[in-house]
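J.: This is the structure I want to talk about, given as structure tokens.
The values are calculated or read from the model by the stated rules, or taken from the named source; none is laboratory data. A quick note: this is a predicted structure, and the numbers were derived from the prediction, not measured. Don't worry about glycine lacking a Cβ; one is built from the backbone with ideal geometry, like all the others, and counts go over all protein chains shown. When the accessible area is computed, the model is the full protein with side chains, heavy atoms only, and any ligands, DNA or RNA have been set aside. Shrake-Rupley method; radii C 1.70, N 1.55, O 1.52, S 1.80 Å.
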Amino acid sequence: MKVIDIKPFVVDCFRTNWVFVKVYTDEGITGVGEATLEYKEKALLGALEHIKEYLVGKDPRDIEKHWHTIYRDAYWRGGAVLMSALSAVECALWDILGKSLNVPVYRLLGGKYHDKVRIYVNGWFAGAKTPAEFAEKAKIAVQRGVTAMKWDPFGKNYLDISNKDLDTAIECVGAVREAVGKDVDLLIEAHGRFNIPTAVKIAKEMEQFKPMFLEEPVPPDNLDALLEVKMRSNIPISAGERLYTRWDYKPMFDKMAADYIQPDISHAGGIMELKKIAAESECRYIPFAPHNPSGPVANAATLQLAACCPNFCILEIMYSDVEWRKDVTNEKLEYADGYMTIPDRPGLGIEINEEECEKHPYQPHTLRHYTGALTDIRPAKSEFYF
């Protein structure tokens, strides 16, 4: 079996663009991966072209060899563009291998440890502006079976936060907690934008609501800063969505700088690299909670990985999405009581519809992480899709 082509499909999805990657072989077996990289899609396409130059003509089943060759031969290593392209291609190669053997990918990674995995939802608050509106949206989500939810209540603040804005954030979290009761887990997102004293102050104020964790309270560049917040916080701290490979994670583990780790399968190196990172965290009794706010292919790959990681804890997923999500892939998710069942279809268990993808071409979008969190990240007309 030989690779004959690699083709990206860039699909507008309202707040960004999904980037699906399809690898074709001379035996007719294809594999898909996802490299969605917010606001850097054009650079990503160039990186995929370079990987294509290497991979065409080679056996797609030699996954470990190809991963190391592509990673090693990038003299200027790391970074989101290279690692996202490599991650997507790696997932596509696992998809091909699974299909060639007619087994799901988790079977190739040691088999199931979990038949189903707990999820938390992001994007459940579309259309909400005030604490009361957030509370109402939270009630609806719980009525639909959601048992854990995440959002960023901190507005446009960066590095510091005023007492007024902090009070608004506290009011919002308090309203949601009152609306959903004590049995629903709340996860608070900070998008890595505060300094140490502000992050510590926020963590102290959030204690009363017993959140599952406070995510990325400081920028990802300084793990000593993250550790300082963790040591001064009485609530768990999660981080890691913007770290790549086991080499980036090694200093985090050495410092024990986070209570939960959140590598992203579309950016940190793909399925096997996350399996290795999860094994390192297992040795340290750190729960594995992958970052996963992207599209349906990334979700399918992450479910295969979650199935075989003993220390898997909880998985992020988008609560609602653009109307055409159901058209661009054959995604079929089974959800009940806060858990998602691991699919048993061969490979990653998902295919993209090339014609439907091309109906929603690339659209430029504006960076939103630091320009206000109390805004929609999905269109209000989108639907609860799983």
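J.: What 222 nm value per residue comes from the helices of the chain, counting each DSSP H run with n ≥ 4 as -39,500 (n - 2.57) and dividing by all residues, nearest 500 deg cm²/dmol?
T.: Counting only the DSSP helices, I get -11500 deg cm²/dmol.
J.: Ok, one more. Determine the gain in length on full extension of the stretch residue 130-residue 327; use 0.36 nm per residue of separation and subtract their C-alpha separation, reporting nm with one decimal.
T.: Values: separation 197, 0.36 × 197 = 70.92 nm, distance 3.29 nm.
Full extension from residue 130 to residue 327 adds 67.6 nm.
J.: What Kirkwood Rh does segment 219-338 have if only Cα atoms enter the pairwise 1/r average? Answer in Å.
T.: Numbers: mean 1/r = 0.0661 Å⁻¹.
Here the Kirkwood hydrodynamic radius works out to 15.1 Å.
J.: Enumerate the whole-percent occupancy of each 10 Å bin, from 0 to the last occupied one, for all C-alpha pair distances of segment 198-245.
T.: Result returned by the calculation: 28, 55, 15, 1.
J.: Moving on. Using only the heavy atoms of the protein chains and a 1.4 Å probe, how would 247, 151, 94, 324 rank by accessible area, largest first?
T.: My answer, sorted largest first, is 247, 324, 94, 151.
J.: To test your reading of the geometry: what angle, between 0 and 90 degrees and rounded to tens, separates the Cα axis of helix 63-72 from the longest principal axis of the chain?
T.: 70
J.: Also, I was wondering about something else. Helix 131-143 versus the longest principal axis of the chain: what angle, 0 to 90°, nearest 10, using Cα atoms?
T.: Roughly 50 degrees, rounded to the nearest 10.
J.: Which order do the peptides 60-68, 73-81, 97-105 come out in when sorted by mean C-beta neighbours inside 10 angstrom, highest first? If you can, show how the numbers build up before the last one.
T.: On the way: 60-68: 16.2, 73-81: 13.1, 97-105: 19.3.
With the highest mean Cβ count within 10 Å placed first, the list reads 97-105, 60-68, 73-81.
J.: Where nothing but the Cβ of Lys and Arg (+1) and of Asp and Glu (-1) is charged, how large is the charge dipole of segment 1-135 around its Cα centre, in debye to the nearest 20? Could the numbers behind the result be given before it?
T.: Values: 18 positive and 17 negative charges, 62 e Å.
It comes to approximately 300 debye.
J.: Okay, next question. If we sort 227-236, 84-93 on the protection proxy, mean other Cβ atoms within 10 Å, highest first, what's the order? Each step should come with its number before you reach the end.
T.: On the way: 227-236: 17.5, 84-93: 30.1.
Ranking the peptides 227-236, 84-93 by packing returns 84-93, 227-236.
J.: Suppose R0 equals 56 Å; then what is the FRET efficiency for residue 58 and residue 140 from their Cβ-Cβ distance, rounded to the nearest 0.05?
T.: Calculated transfer efficiency: 0.70.
J.: Hey, if we sort 185, 26, 95 by accessible area with the 1.4 Å probe, largest down, what's the order?
T.: On the way: 185 45, 26 90, 95 0 Å².
Listed by decreasing accessible area, they come as 26, 185, 95.
J.: Report the Cα-based extents of segment 280-331 along its three principal axes, largest first, to the nearest Å.
T.: Sorted from largest, the Cα extents of segment 280-331 read 41, 17, 11 Å.
J.: Quick one: grab Rg to one decimal and Dmax as a whole number for segment 245-300, Cα atoms only, in Å.
T.: Gyration radius and largest Cα-Cα distance of segment 245-300: 11.0, 34 Å.
J.: For residue 159 and residue 336, what is the calculated FRET efficiency with R₀ set at 25 Å and r taken between the beta-carbons, to the nearest 0.05?
T.: On the way: r = 42 Å, r/R0 = 1.67.
According to the calculation, E is roughly 0.05.
J.: Right, another one. On a 0 to 90 degree scale, rounded to 10, what angle separates helix 80-101 from the longest Cα axis of the chain?
T.: Roughly 60 degrees, rounded to the nearest 10.
J.: Residue 182: which lysines have alpha carbons under 16 Å from its alpha carbon, excluding same-chain residues fewer than 8 sequence positions away?
T.: 139, 150, 210
J.: So, one more: With no solvent and one point on each alpha carbon, what is the Debye value of log10 I(q)/I(0) for segment 1-156 at q = 0.12, 0.15, 0.20 Å⁻¹?
T.: Those come out to -0.69, -0.91, -1.17, one per q.
J.: Still on this structure, I have one more. Stretched out fully, how many nm does the piece from residue 167 to residue 355 gain, at 0.36 nm a residue minus the Cα gap? Numbers along the way, then the final one.
T.: Details: separation 188, 0.36 × 188 = 67.68 nm, distance 4.82 nm.
Difference between extended and current length: 62.9 nm.
J.: Pop out the Kirkwood hydrodynamic radius of segment 70-198 from its pairwise C-alpha distances, inverse of mean 1/r, in Å to one decimal.
T.: Working: mean 1/r = 0.0542 Å⁻¹.
When all Cα pairs of segment 70-198 are included, the Kirkwood radius is 18.4 Å.
J.: Quick one, can you get me the convex hull of the C-alpha atoms of the chain expressed as volume per residue in Å³? It would help to have the intermediate numbers written out before the result.
T.: Details: hull volume 47.0 nm³, N = 386.
So the per-residue hull volume is 122 Å³.
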